[in-house]
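No value in this document is a laboratory result; all are computed from the given coordinates. Note that the coordinates shown come from a computational prediction; the quantities given were computed from them, not determined experimentally. Every residue, glycine as well, gets a Cβ built from its backbone with ideal geometry; the counts of neighbours run over all protein chains shown.
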Amino acid sequence: MKEVILTDAQLEVLEYIYHKLQLEYERVAEALDFTCTGCPDNCCDSYFQHHTYAEWAHLWLGIRRLEPEVQLSLIARAKSYLEQCEQALAAGQRPQVMCPLNDEGRCVVYQHRLLVCRTHGVPATLTRPDGRTFQFPGCFRCQEIVENLDKNELPVPVERTLLLQRLALLENELLDNKRHLLPKVKMTIAEMLVHGPPVIPRTDPSK
Ligand code: SF4
Ligand code: SF4
């Protein structure tokens, strides 16, 4: 097995994607006069699964920057998170458990947080390769703002399609164009922590 490691160039691409999404997020948030300030909720307890080795590897770059004892305590928290999620899922409920990387409201890997963490709040659209289009309404607070506005006052939602296509290309390159041969990623952040950094079977023994 070998660890999946982003090259500097790949890291630059991923950070570019994050940056562009951030700009799009800010455009829509500003137009809606929407911020997270004063929010009674914290969407870090939303149950999300993530789908790329690239983001998983990037998350671990952030984890490794933390002191070893902090890393261990986060992994312990992640195990407890998974137990709580299992109980909720077994009861037929969608889990709502605080992300193990949220420390008293602060993300301990802010620069390495995942794409969903960066885009959840505001309305967005995504068109899949099969042509199906998805509309994301944003968080509950943002939806309240949108409901009180006239349709023609609404900004164009964040368009995720091109940036996610770029992420898919990056993922393929990171996996030596063998993405289709590898296990699909469908993991919570806690699973990424407990599992450790991403590893894949070594297909070329010389590498
Ligand atoms: S995105 Fe929405 S729900 Fe999440 S913290 Fe911001 S305002 Fe609150
Ligand atoms: S990674 Fe950070 S921003 Fe994302 S859910 Fe966890 S604590 Fe929140």
(Q) Counting C-alpha atoms alone, how compact is the stretch 47-127: give Rg to one decimal and Dmax as a whole number, in angstrom. (A) 13.9, 42
Q | Sites matching trypsin sites (Lys or Arg not before Pro) across the stretch 80-175 that sit in DSSP coil, with at most 14 neighbouring C-beta atoms within 10 Å | A | Arg132
Q | Förster radius 45 Å - calculated FRET efficiency between Ala90 and Glu173 (Cβ-Cβ, nearest 0.05) | A | 0.70
(Q) Once you order the gyration tensor axes a ≥ b ≥ c over the Cα atoms, which shape class does the stretch 120-207 get: rounded for a/c under 1.5, otherwise prolate or oblate by comparing a/b with b/c? (A) prolate
Q: Extending each Cα 7 Å along its Cβ direction at Glu153 and Arg132, get the distance between those two points in nm, one decimal.
A: 3.4
(Q) At 10 °C and a viscosity of 1.306 mPa s, what translational diffusion coefficient does Stokes-Einstein give for the stretch 64-109, taking Rh as the Kirkwood radius over Cα pairs? Give it in µm²/s as a whole number. (A) 138
Q. In nanometres, what is the gap between the two model label sites at Gln143 and Asp45, each 7 Å from Cα along Cα-to-Cβ?
A. 1.7
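So between Glu12 and Glu69, what do we pick up on full extension, going 0.36 nm a residue minus the alpha carbon distance?
Taking Glu12 through Glu69 to full extension adds about 17.6 nm, to one decimal.
Rg to Rh for the stretch 1-87: what is it, with Cα atoms only and Rh by Kirkwood?
Using Cα coordinates only, the ratio equals 1.03.
Scaled to the compact-protein estimate 2.2 N^0.38 Å, what is the alpha-carbon radius of gyration of the chain, rounded to two decimal places?
Compactness ratio reported: 1.08.
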